[in-house]
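A.B. asks: Below is a structure I'd like to ask you about.
The values are calculated or read from the model by the stated rules, or taken from the named source; none is laboratory data. Since the structure is predicted, the reported quantities are computational estimates derived from the model, not experimental observations. When we count neighbours, we look across all protein chains shown, and the Cβ atoms used for this are built from the backbone with ideal geometry, even at glycine.
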DNA sequence: ATCTGTGATGTTATATTATAACGTAACATA
DNA sequence: TATGTTACGTTATAATATAACATCACAGAT
């Protein structure tokens, strides 16, 4: 059962879905001011919720956010991205064996794996 | 040949080496004000250089910095960490096959791998 | 039909993280 | 000594994120 989104959450999500690149919170705010969103709080609150339900992911190294293209995204916590340094596009990676790989890697250090964030930088197929 | 550090760079590096956990830039600043460092700029400039030579790494998801314990760290760009959610300690991972793994993973998406940032969250051996 | 808890909203203010911009000093070397 | 380069000091400001408070909407219990 899909959690139904509030108006503000829909507005923020649509802004992200309409963008080719990840957007910062204030960039989102700028884009949707015409829709009545007036403060950073409103954006951040919507983002919090959208991230919680897996509809949006944060790119930590860019302080930016992207809409998740996958229905019922499992990546509520763990995320893996390919980030093009040329066109700034971000491609989400869904490799099931990544978590497994990182679990094993963690075990070697007697570390109990919970979640991960992977950001791979390079040049995408469209740019080279 | 080791690049010789300036006074400010040494002060910042020592502050990070003395810390069990990663430190934010303003936290560093607070710690070293008694040594005559007065502005964020001085900290950030030192950090920039230290990161450039591989003596310090940034933990993106924490907006924090750690001293690298490895001599001649290759991780000028690619970094991999285990981050304990209990004690906040960060352990740097040096697995040579990680870059290779990510290179192959990238190729599947016709993406030219350059560098990566991997942050694994969980509980460290001391905490569980 | 009220009361009450919960979650969303709107708004102002502020905290936190990071960089711009400007002038000066130190130092190597041509 | 002129010159380029790099670091430094300082003030100001940009960019990112959260705190705090009052209000509203609505579901469910009494």
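A.B. asks: Those residues that are facing another protein chain (nearest Cβ under 8 Å) and without any contact (Cβ under 8 Å) to a residue 40 or more places away in the chain, I need them from the stretch B:99-117; list them, please.
C.D. replies: Hits for the stretch B:99-117 are B:101, B:102, B:105, B:106, B:109, B:110, B:111, B:112, B:113, B:114, B:115, B:116.
A.B. asks: Right, another one. Please enumerate the residues belonging to the stretch B:58-70 that are more than 10 Å from DNA strand C (Cβ to nearest atom), within 14 Å of chain A (Cβ to nearest Cβ) and either out of contact with any strand residue (DSSP E or B) (no Cβ under 8 Å at 6 or more places or on another chain) or closer than 13 Å to residue B:91 by Cα (or both).
C.D. replies: Once the filter is applied, which keeps residues that are more than 10 Å from DNA strand C (Cβ to nearest atom), within 14 Å of chain A (Cβ to nearest Cβ) and either out of contact with any strand residue (DSSP E or B) (no Cβ under 8 Å at 6 or more places or on another chain) or closer than 13 Å to residue B:91 by Cα (or both), the stretch B:58-70 yields only B:69.
A.B. asks: Here's something else I'd like to know. Considering only residues that are within 12 Å of DNA strand D (Cβ to nearest atom) and touching a helix residue (DSSP H, G or I) at 6+ places or on another chain (Cβ under 7 Å), which ones fall in the stretch A:57-69?
C.D. replies: Of everything in the stretch A:57-69, those that are within 12 Å of DNA strand D (Cβ to nearest atom) and touching a helix residue (DSSP H, G or I) at 6+ places or on another chain (Cβ under 7 Å) turn out to be A:58, A:60, A:61, A:65.
A.B. asks: Is it fair to say residue B:38 is out of contact with any strand residue (DSSP E or B) (no Cβ under 9 Å at 6 or more places or on another chain) and in a loop (DSSP other than H, G, I, E, B)?
C.D. replies: So residue B:38 fits the description; yes.
A.B. asks: For the stretch B:18-25, indicate whether the set of residues that are within 14 Å of another protein chain (Cβ to nearest Cβ), surrounded by 14 or more Cβ atoms within 10 Å (Cβ to Cβ) and away from DNA strand D (no atom under 15 Å from the Cβ) is non-empty.
C.D. replies: Yes - at least one qualifying residue is present in the stretch B:18-25.
A.B. asks: Restricting to the stretch A:74-98, name every residue that is more than 10 Å from chain B (Cβ to nearest Cβ), over 11 Å from the mean Cα position of the chain (by Cα) and touching a residue at least 12 places away in the same chain (Cβ under 8 Å).
C.D. replies: Result: A:74, A:87, A:88, A:89, A:94.
A.B. asks: Does the stretch A:30-47 contain at least one residue that is within 9 Å of chain B (Cβ to nearest Cβ), more than 13 Å from DNA strand C (Cβ to nearest atom) and modelled with pLDDT of 95 or more?
C.D. replies: no
A.B. asks: So how many residues does the stretch A:48-57 have that are closer than 27 Å to residue A:87 by Cβ, within 12 Å of DNA strand C (Cβ to nearest atom) and not in a helix (DSSP H, G or I)?
C.D. replies: Residues in the stretch A:48-57 being closer than 27 Å to residue A:87 by Cβ, within 12 Å of DNA strand C (Cβ to nearest atom) and not in a helix (DSSP H, G or I): 0 in total.
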